[in-house]
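Notes follow the structure.
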Amino acid sequence: MQVIEQIQACRATIRAMQAEGLRVGLVPTMGALHEGHLSLVRAARKCCDRVALTIFVNPTQFSPNEDLDSYPKPLEADLAACRAEGVDLVFTPSIDAMYPKGMETSVHVTGLTDELCGKNRPGHFDGVTTVVAKLFGILPADAAFFGEKDYQQLMVVKRMAKDLDFPIEVVGCPIVRESDGLALSSRNVYLSTEQRKQATSLSRGLFAARQSVNQGMTSVKDITGKIRAIIEDAGPCAVDYVEVVDAETLATLCQIDRPARICVAVKIGDCRLIDNVPVDAATASR
Ligand code: AMP
């Protein structure tokens, strides 16, 4: 496994793989790798000959009041996990290499970024699309793998890749969960034992709502009320949003009458958790 910090060397390595006729899959991450990240590596491995993973805690997607400084950075453990998973190349650039003095460009996707997390995390998605656009330039892979855990991010990156004609297929992969339903996240380590128990309320709420939709409930007011009650009953927290959105446009829905996503964001202590499930009234049993 090659570990590369330099941009030129990284691009040259990807190009050399492709010159041999090999298909390259890219997995962008901020490190602190867990089974969710590794599921993306396995998805990439299935349809690509080589897998490149990036580890970069991207400062521009954090607001000043967020957890940039305390974000976990267990690099050695991450590299060991990549080796065990058969990753071919890990790109670990410095902040100065990614954001050199004089850089004046940022990438903004309109519309999709105004919804959900966009409302309370100003600038967050500009940070995401700018760094992903740079990674697509540095690692010109054939396909890039993103988790549905960050569903809005996935849709925003898909939009950007389409609009800017990046010749990279953006592939979404299902959410990996703990056995009690909690979606895996690098931020789960911030939770105390008590908060960790409480955090299952997000997936419990979402699964209960999905069941109600499958049994015929279509009113978004009823669905979100049910989820809020489950989350707020579980313990002290600040609900950022509980929303049902169109699965493609992320527009807020009043009725579930098309493929949709139920999305939640909740702060428990200092830890902001997000989760979502797909629902579709058309395929629900009546
Ligand atoms: P992060 O390191 O948190 O920026 O995540 C890197 C990638 O891993 C993103 O595409 C995430 O959506 C994905 N990811 C994070 N957690 C999960 C999970 N529990 N299941 C599937 N993908 C995930």
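Tell me which helices (runs of 4 or more DSSP H) are completely within region 140-237 and hold 2 or more residues being of a type in the set (A, V, I, L, M, F, W, C) and at pLDDT 95 or above, or say none if there are none.
Those helices (runs of 4 or more DSSP H) span 151-163, 200-214, 220-233.
Condition test on G127, is it in contact with a Phe, Trp or Tyr (Cβ under 9 Å, 6 or more places away or on another chain) and either within 14 Å of the ligand (Cβ to nearest atom) or assigned to a loop (DSSP other than H, G, I, E, B) (or both)?
yes
Would you say M17 is touching a residue at least 60 places away in the same chain (Cβ under 8 Å) and within 9 Å of the ligand (Cβ to nearest atom)?
Answer is no for this residue.
So which residues in region 74-123 are more than 23 Å from M160 (Cβ to Cβ) and β-branched (V, I, T)?
Passing the criteria: V87, V90, T92.
So the check is Cβ under 8 Å with 6+ separation or different chains; which pairs have a first residue in region 21-36 that's on the phi > 0 side of the Ramachandran plot and a second one that's of a type outside the set (K, R) and near the ligand (Cβ under 7 Å from one of its atoms)?
If the second residue must be of a type outside the set (K, R) and near the ligand (Cβ under 7 Å from one of its atoms), the pairs left are G31/S186; A32/S186.
Test of understanding: among L22, L79, L33, which residue is at pLDDT 95 or above and within 13 Å of the ligand (Cβ to nearest atom)?
After applying the criteria, what remains is L33.
Name every residue in region 170-194 that is more than 16 Å from the ligand (Cβ to nearest atom) and either surrounded by 19 or more Cβ atoms within 10 Å (Cβ to Cβ) or without any contact (Cβ under 8 Å) to a residue 12 or more places away in the chain (or both), in order of residue number.
T193
If a residue has to be in a strand (DSSP E or B), out of contact with any Cys (no Cβ under 7 Å at 6 or more places or on another chain) and within 10 Å of L116 (Cβ to Cβ) to count, how many in region 250-273 make the cut?
4
Any residue in region 244-253 that is closer than 22 Å to E194 by Cα and either of a type outside the set (S, T, N, Q) or at pLDDT 95 or above (or both)?
The answer is no, given that none of the residues of region 244-253 is closer than 22 Å to E194 by Cα and either of a type outside the set (S, T, N, Q) or at pLDDT 95 or above (or both).
The values are calculated or read from the model by the stated rules, or taken from the named source; none is laboratory data. Quick caveat, the model's predicted, so the values are computed rather than measured. Glycine gets a Cβ as well: all are built from the backbone with ideal geometry, and neighbour counts include every protein chain shown.
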